[in-house]
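Colleague: First the structure, which I've put down as structure tokens, then a few questions once you've had a look.
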């Protein structure tokens, strides 16, 4: 079974109608033989997006968390401060945020492919030799 590192933009496209793309839907539909993984920062990123959308209705948070659980994403434990600070230089070299650096490092460390809607992350992953799944619609 193939493991794919996903970022918060990928999960958001499956959870939130406003973030949905045809490319993300097709990727998810074709994922029967794939397992999803993510670095620890994923929980903070997608959790924040869920919290923001659920501010007016706490039941919405429960519904979205149940939906997220159905994707069976293996979330790695968070890295320590030393690793996070090391990401600063890596992110600057690759023109990535610390969050995106964490996703790319996760894919590199585990030897996985990476699925995202983030152009800069996808470009950096390709340059690093990581197989990517571009979940943007109309991406070249």
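Colleague: Checking residue 101 against (1) in contact with a helix residue (DSSP H, G or I) (Cβ under 7 Å, 6 or more places away or on another chain); (2) closer than 26 Å to residue 33 by Cβ; (3) crowded, with 22+ Cβ neighbours inside 10 Å, only one condition comes out false. Which one?
Modeller: (2)
Colleague: Within the range 49-70, restricting attention to residues that are within 15 Å of the chain's Cα centre (by Cα) and surrounded by 16 or more Cβ atoms within 10 Å (Cβ to Cβ), which residue is nearest to residue 38 (Cα to Cα)?
Modeller: If we take residues in the range 49-70 being within 15 Å of the chain's Cα centre (by Cα) and surrounded by 16 or more Cβ atoms within 10 Å (Cβ to Cβ), then 68 is nearest to residue 38 (Cα to Cα).
Colleague: Here's something else I'd like to know. Taking the residues in the range 20-30 that are assigned to a helix (DSSP H, G or I) and touching a residue at least 60 places away in the same chain (Cβ under 8 Å) as candidates, determine which candidate is nearest to residue 48 (Cα to Cα).
Modeller: Step one: list which residues in the range 20-30 are assigned to a helix (DSSP H, G or I), which gives 22-29.
Cutting the leftovers down to touching a residue at least 60 places away in the same chain (Cβ under 8 Å) gives us 22-24, 27.
Working: 22: 24, 23: 24, 24: 21, 27: 24 Å.
The qualifying residue nearest to residue 48 (Cα to Cα) is 24.
Colleague: Return yes or no: is residue 61 modelled with pLDDT under 95, part of a helix (DSSP H, G or I) and touching a helix residue (DSSP H, G or I) at 6+ places or on another chain (Cβ under 9 Å)? I'd like the intermediate steps shown before the answer.
Modeller: Numbers: modelled with pLDDT under 95: yes; part of a helix (DSSP H, G or I): yes; touching a helix residue (DSSP H, G or I) at 6+ places or on another chain (Cβ under 9 Å): yes.
For residue 61, the condition - modelled with pLDDT under 95, part of a helix (DSSP H, G or I) and touching a helix residue (DSSP H, G or I) at 6+ places or on another chain (Cβ under 9 Å) - is met.
Colleague: Between residues in the range 43-66 that are at negative phi and in contact (Cβ under 8 Å) with a residue 40 or more places away in the chain and residues that are assigned to a loop (DSSP other than H, G, I, E, B) and surrounded by 12 or more Cβ atoms within 10 Å (Cβ to Cβ), which pairs lie under 7 Å by C-beta distance while being six or more apart or on different chains?
Modeller: 64/54
Colleague: Among the numbered conditions (1) surrounded by fewer than 14 Cβ atoms within 10 Å (Cβ to Cβ); (2) out of contact with any strand residue (DSSP E or B) (no Cβ under 6 Å at 6 or more places or on another chain); (3) modelled with pLDDT of 95 or more, tell me where residue 74 comes up short.
Modeller: Of the numbered conditions (1) surrounded by fewer than 14 Cβ atoms within 10 Å (Cβ to Cβ); (2) out of contact with any strand residue (DSSP E or B) (no Cβ under 6 Å at 6 or more places or on another chain); (3) modelled with pLDDT of 95 or more, the odd one out for residue 74 is (2).
Colleague: Looking at the structure I just gave you, is residue 125 part of a helix (DSSP H, G or I), out of contact with any helix residue (DSSP H, G or I) (no Cβ under 7 Å at 6 or more places or on another chain) and within 26 Å of residue 1 (Cβ to Cβ)?
Modeller: On the way: part of a helix (DSSP H, G or I): yes; out of contact with any helix residue (DSSP H, G or I) (no Cβ under 7 Å at 6 or more places or on another chain): no; within 26 Å of residue 1 (Cβ to Cβ): yes.
Considered against the rule, which asks whether it is part of a helix (DSSP H, G or I), out of contact with any helix residue (DSSP H, G or I) (no Cβ under 7 Å at 6 or more places or on another chain) and within 26 Å of residue 1 (Cβ to Cβ), residue 125 comes out as no.
Colleague: Now, a different point. Looking at residue 2 and the list (1) within 18 Å of residue 111 (Cα to Cα); (2) in contact (Cβ under 8 Å) with a residue 40 or more places away in the chain; (3) surrounded by 14 or more Cβ atoms within 10 Å (Cβ to Cβ), which single condition is not satisfied?
Modeller: So the condition that residue 2 fails would be (3).
The values are calculated or read from the model by the stated rules, or taken from the named source; none is laboratory data. Computed from a prediction, not measured in an experiment: that's the story for all the values here. Every residue, glycine as well, gets a Cβ built from its backbone with ideal geometry; the counts of neighbours run over all protein chains shown.
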